[in-house]
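**Q** Questions regarding the structure given below will be posed in turn.
The values are calculated or read from the model by the stated rules, or taken from the named source; none is laboratory data. The model shown is predicted, which means the values in this text are computed figures rather than measured ones. Counting neighbours? That spans all protein chains shown, and the Cβs are built from the backbone with ideal geometry, glycine included. Each accessible area value is taken on the protein alone, full model and side chains, heavy atoms only, with ligands, DNA and RNA left out. Shrake-Rupley method; radii C 1.70, N 1.55, O 1.52, S 1.80 Å.
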Amino acid sequence: MSTDIRRACRGADTEQWFRDREIGPEAKEATKRAQQVCNRCVVRIECLTAALVEEDGTGRDYRFGVRGGLTGLERAYLVERGKRQKGRAA
């Protein structure tokens, strides 16, 4: 079965997924709603993995929108933290 068919956001108003960089209560609430949809999605990990692969080598300014349950800045932090941990292990 296609990942696209199983995604929880299928048919949803996707505008709320791209308000994570906006300021204000409405934008914060929209982002929270998008993350709630992601949190119950059966393909959340696949979506997050795809986002990280697509964004590989980019800076935090390129990462925007909720994907795999994380905002662009949360994904940037995840990558930065992973690099720091990898550096400590070397």
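**Q** With the requirement that a residue be open to solvent by 20 Å² or more (accessible area, probe 1.4 Å) and either not aliphatic (A, V, I, L, M) or not in a helix (DSSP H, G or I) (or both), what does region 33-46 give you?
**A** Passing the criteria: 33, 35, 36, 39, 40, 41, 42, 44, 46.
**Q** Further question: Tell me which residues, restricted to region 12-25, are under 15 Å from residue 36 (Cα atoms) and not basic (Lys, Arg).
**A** Within region 12-25, 12, 13, 14, 15, 16, 17, 18, 20 qualify.
**Q** Still on this model: Quick check on this structure: which one of 11, 24 is open to solvent by 40 Å² or more (accessible area, probe 1.4 Å) and among the small types (Gly, Ala, Ser)?
**A** 11
**Q** Among residues belonging to region 32-62 that are among the polar types (S, T, N, Q) and closer than 14 Å to residue 75 by Cα, point out the one that is modelled with the lowest pLDDT.
**A** 58
**Q** Within region 65-83, is there a residue that is more than 12 Å from the chain's Cα centre (by Cα) and open to solvent by 100 Å² or more (accessible area, probe 1.4 Å)?
**A** Yes, region 65-83 contains at least one residue that is more than 12 Å from the chain's Cα centre (by Cα) and open to solvent by 100 Å² or more (accessible area, probe 1.4 Å).
**Q** For the condition closer than 19 Å to residue 8 by Cβ, more than 13 Å from the chain's Cα centre (by Cα) and either open to solvent by less than 100 Å² (accessible area, probe 1.4 Å) or of a type in the set (Gly, Ala, Ser) (or both), what is the one hit in 30, 51?
**A** Exactly one residue qualifies, and that residue is 30.
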